[in-house]
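First up is the structure itself, then whatever we jot down about it.
The values are calculated or read from the model by the stated rules, or taken from the named source; none is laboratory data. No experiment lies behind these values; they were computed from the predicted model shown. Reconstructed Cβ throughout: ideal geometry from the backbone, glycine too, with neighbour counts over all protein chains shown. All accessible areas refer to the heavy atoms of the entire protein, side chains included, with ligands and DNA or RNA removed. Shrake-Rupley method; radii C 1.70, N 1.55, O 1.52, S 1.80 Å.
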Amino acid sequence: MKRLFISLLLLVPVMTFAGCGAGDDSSEIDIPEVPNDPGNDDDDNDNPGTVTPGNGKILIAWFSRWGNTNYAADVDATTGASILVDKGTRRGTTEMVARYIQTAVGGDLHLIETSEPYPTEFDDVRDQNHVEQAAGTLPALKNRIENMDQYDIVFIGYPNWALDVPQAIRSFLSSYDLSGKTVVPFCTHDGYGAGRTYNSVKEEATGANVLEGIAIEATDVPSAESQVQDWLERIGIEREEPQGASVRITAGGHTFTGEWLDTPLADEIRGMFPLTATLGRYGGREYYGSMPRRPTNTEEGQLRFENGDITYCPSNNTIAIFYAKADDPDMGQLTMRIIPIGKVTSDLMVFDEMDSRLEFTFDNIQ
């Protein structure tokens, strides 16, 4: 993924935006994110303020200036703060972390938007934030998630403003009954850690189980995907794959059983059953080969696999079965993104005994 990181540190006095800091309040300074392009990005199909579907049990919500300020289409982003260019689309650093989380564990994306946009000038935003924090103002939000009850896990992301969460985060958390849910904070900053933001999330998420958060320096975001994955593993949140249909895979006189996921892409490929493709062995870890035709459904995909995964790669229109070396430091990381569509549940050791190039047939178990 090609990413361009643009950063500008604004040197401001003590009572300006203080970064995600865990130390002396009097010496920390930070800058807010720049808002998103105001609807002029042809490559970005996300509708701000709505829930972008993913895994229905996980919500990934975030707030930033990127998406909450009416900037001109030709705004000079370098005058604001941190921006990533991801596949030609400009995104704020907090949004990029949210997307890393979605890639790792699934989930629905939600941009938290205030009814009234924030000013375009940094000094004006700083002053407004100080007033809002001092008065305990809860900005009105532009929309509401009507089906919050369906989510078991809620990730909440933000840039740190003056060593605390933006007040919009308090507005969001106080709008819902989060009792019994798992709430997980994440933030971006310019070098000072998480500040008191985690405590603020705990204060507002009444009755929720608030897990260990992650604070990522803005300059590190472009290369932080593996850091996010390690954090998610550490706190015990994993992708909960939807259960699908049982399938049969035959190749070289061997028969394997597997589970096919219940996702739009997996369902579309399953609609091609019986599907026969010639797959070749690669690296002692997988068999892969071209699909007979290209599916229309797709997702962003991931750069890792688990042994047994059946995957589709949109970059080269291939289907693959990964049978070994998921834990190998050299072979466990991929260079092209793959999308899981199923999993082999039979003995994977048989794959090592098979010929290097075979016809594989995927079919339903009647």
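Rolling a 1.4 angstrom probe over the protein heavy atoms, how many square angstrom per residue are accessible across segment 227-285?
Numbers: 2860 Å² over 59 residues.
Value returned for segment 227-285: 49 Å² of accessible area per residue.
Is the shape of segment 203-262 rounded, prolate or oblate, going by the alpha carbon gyration tensor and its root eigenvalues a ≥ b ≥ c, with a/c under 1.5 for rounded and a/b larger than b/c for prolate? If you can, show how the numbers build up before the last one.
Numbers: a/c = 4.36, a/b = 1.99, b/c = 2.19.
Oblate.
Segment 110-205: which trypsin sites (Lys or Arg not before Pro) are DSSP loop and have at most 14 other beta-carbon atoms within 10 angstrom?
Details: sites: 126, 142, 144, 170, 181, 196, 202; in loops: 142, 144, 181, 196.
Qualifying residues, ordered by number: 144.
Can you work out D for segment 126-257 in µm² s⁻¹ from Stokes-Einstein, where Rh is the Kirkwood radius over C-alpha pairs, the temperature is 20 °C and the viscosity is 1.002 mPa s?
124
How big, on average over all directions, is the shadow cast by the Cα convex hull of segment 324-366, in nm²?
On the way: hull surface 18.6 nm².
Projected over every direction and averaged, the Cα hull of segment 324-366 covers 4.7 nm².
Mind checking the full-extension length gain between residue 116 and residue 70? Use 0.36 nm per residue of separation minus the Cα-Cα distance, one decimal, nm. Mind showing how you got there, number by number?
Values: separation 46, 0.36 × 46 = 16.56 nm, distance 0.98 nm.
Full-extension gain reported as 15.6 nm.
Using modelled backbone amide H atoms (1.01 Å from N, in-plane), which distant-in-sequence or interchain residues come within less than 5 Å of residue 210's amide H?
The list, which skips near neighbours in sequence, is 183.
Please list, in chain and number order, the residues 5+ apart from residue 141 or on another chain whose amide H is under 5 Å from its amide H, with Hs placed from the backbone.
115
Using 7 Å Cα-to-Cβ label points, what is the residue 233/residue 245 separation (nm, one decimal)?
In this crude label model, residue 233 to residue 245 measures out at 3.4 nm.
Non-local amide H neighbours of residue 345 (under 5 Å, H modeled in plane, Pro and chain starts lacking H): which ones?
Correct list: 257, 258, 259.
Whole number please: convex hull volume per residue of the Cα set in segment 141-183, in Å³?
In segment 141-183, the Cα hull volume divided by residue count equals 79 Å³.
Which value in nm describes the separation of the simple spin-label points at residue 196 and residue 127, placed 7 Å from the Cα toward the beta carbon?
Taking the two extended label points, one gets 2.5 nm.
Given a Förster distance of 22 angstrom, what is the FRET efficiency for residue 336 paired with residue 357, based on the Cβ-Cβ distance and rounded to 0.05?
Working: r = 20 Å, r/R0 = 0.93.
Taking R0 as 22 Å, the efficiency between residue 336 and residue 357 is 0.60.
Hey, any idea what % of segment 81-193's accessible area is carbon plus sulfur with a 1.4 Å probe?
Roughly 45 percent of what the probe reaches on segment 81-193 is carbon or sulfur.
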